[in-house]
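These notes are about the structure you will find just below.
The values are calculated or read from the model by the stated rules, or taken from the named source; none is laboratory data. Here the structure is a predicted model, which is why all the values come from computation and not from measurement. Every residue, glycine as well, gets a Cβ built from its backbone with ideal geometry; the counts of neighbours run over all protein chains shown.
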Amino acid sequence: MADQAQNLRELVGKKQEIRVVSVTSGKGGVGKSSFSVNLAIAMSRLGVKVLVVDADFGLANVDVMLGVTMKYDIGHVLRGEKALDEVIQLGYEGVRFISGGSGVNDLINIDEEKLAALLIGILHIDVPVDFILIDTGAGINDNIIKLILASSETIVITTPEPTAILDAYALVKTIVRQDRSHPIQVLINKCENKKEASRVQEGFIEVVGRHLGINVNPIGVIMYNHDVQQSIKRQIPITVSDPGGVTSMEIEQVARAILELPNEKPSNSILSRVFYRLLGDRKEQVTSIK
């Protein structure tokens, strides 16, 4: 596996100006895909051109969360029926995304050569992209580990549930066995309160450091919010349905941490975006009049 991952990284030959971040989890149901979509929207609002790649091959759901019916997906690319540029969809706030397809056997069993060719193609698509988010499948299998190790860094998501924490640890352990230098960040999702969030995050980092001998970076915590589940049912991301809410602000803070941008007060951040949009619209109107 280690040799395969190294070969995959060399084949991909990542462009230095594009950050490729894999978002993953040890088990399903921790909010990984929802976080990926909302993180992309938050980053886009901060001026970053983002592409989300739904790499939960065969069980993709990013397009469903966005309320978009995809005519084409990665499966069409792998079969040579469509070019990558033809399967890219434009979503909220200018976020581009590629659907991974659902129930497609040739995606579930994708081999290393096709996976490498796919990643190379994504990195060289003819659209402006600063940041690529790869939403992997949940759990541990060869394809997920290959995607993780081929990315420049990884965000591991868990909830405070003991099973989720144990599975997240098992995933980190698998990554470390293949590449101890791979940058890993941890995000705790669906926390009941700040005290629980701090306890789980600190405990996870301490256990990983003690038993695996590596430092895991705490990238943020997100509190449980019933409205997130409602937004998923409505197929409208929480950062769109409630841009000024607590969860949206927490996700923006994570986006700023990843991009290494200074945190802003929520009210200022919202006002800045509103005025920017108003001025942008006014500028377009003036230009069209001239």
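So, restricting to strands (runs of 3 or more DSSP E) that lie completely within segment 84-185, which ones have at least 3 residues that are touching a helix residue (DSSP H, G or I) at 6+ places or on another chain (Cβ under 9 Å) and of a type outside the set (A, V, I, L, M, F, W, C)? Let's see the steps before the verdict.
Working: elements: 88-90, 96-98, 131-138, 153-158.
Answer list for segment 84-185: 131-138, 153-158.
Residues are listed down the side, and each one gets a yes or a no for (1) closer than 20 Å to G28 by Cβ; (2) touching a helix residue (DSSP H, G or I) at 6+ places or on another chain (Cβ under 6 Å); (3) of a type in the set (G, A, S); (4) assigned to a strand (DSSP E or B):
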position	(1), (2), (3), (4)
K190	yes, no, no, yes
A197	no, no, yes, no
F204	yes, no, no, no
R210	no, no, no, no
For this session: Kindly indicate whether any position in segment 249-261 is more than 13 Å from E93 (Cβ to Cβ), at pLDDT 95 or above and in contact with a Ser or Thr (Cβ under 8 Å, 6 or more places away or on another chain).
Result: yes
Problem set entry | Single match in V37, V68, V64 (criterion: in a helix (DSSP H, G or I), farther than 18 Å from N143 by Cα and modelled with pLDDT under 80) | V64
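Among the residues of segment 242-258, write down those that are assigned to a helix (DSSP H, G or I) and touching a helix residue (DSSP H, G or I) at 6+ places or on another chain (Cβ under 7 Å).
Just the residues of segment 242-258 that are assigned to a helix (DSSP H, G or I), to begin with: 246-258.
Those that are assigned to a helix (DSSP H, G or I) and touching a helix residue (DSSP H, G or I) at 6+ places or on another chain (Cβ under 7 Å): T247, S248, M249, I251, E252, V254, A255.
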Exercise. Residues in segment 148-196 that are among the small types (G, A, S), surrounded by 15 or more Cβ atoms within 10 Å (Cβ to Cβ), at pLDDT below 95 and more than 18 Å from I258 (Cβ to Cβ): how many?
Worked result: 1
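Yes/no matrix, rows are residues, columns are (1) within 17 Å of the chain's Cα centre (by Cα); (2) at pLDDT below 90; (3) acidic (D, E); (4) over 22 Å from V30 (Cβ atoms):
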residue	(1), (2), (3), (4)
E86	no, yes, yes, yes
Q89	yes, yes, no, yes
S99	yes, yes, no, no
D106	no, yes, yes, yes
L118	no, yes, no, yes
H124	no, yes, no, yes
A138	yes, yes, no, no
N141	no, yes, no, no
K146	yes, yes, no, no
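Tell me, yes or no, whether segment 218-234 has at least one residue that is of a type in the set (D, E) and in contact (Cβ under 8 Å) with a residue 60 or more places away in the chain. Spell out the reasoning first.
Residues of segment 218-234 that are of a type in the set (D, E), as a first pass: 227.
Still in the list and also in contact (Cβ under 8 Å) with a residue 60 or more places away in the chain: none.
The answer is no; no qualifying residue exists.
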For this session: Kindly list the number of the only condition in (1) at pLDDT 80 or above; (2) of a type outside the set (A, V, I, L, M); (3) over 20 Å from the mean Cα position of the chain (by Cα); (4) closer than 20 Å to E153 by Cα that fails for E112.
Result: (1)
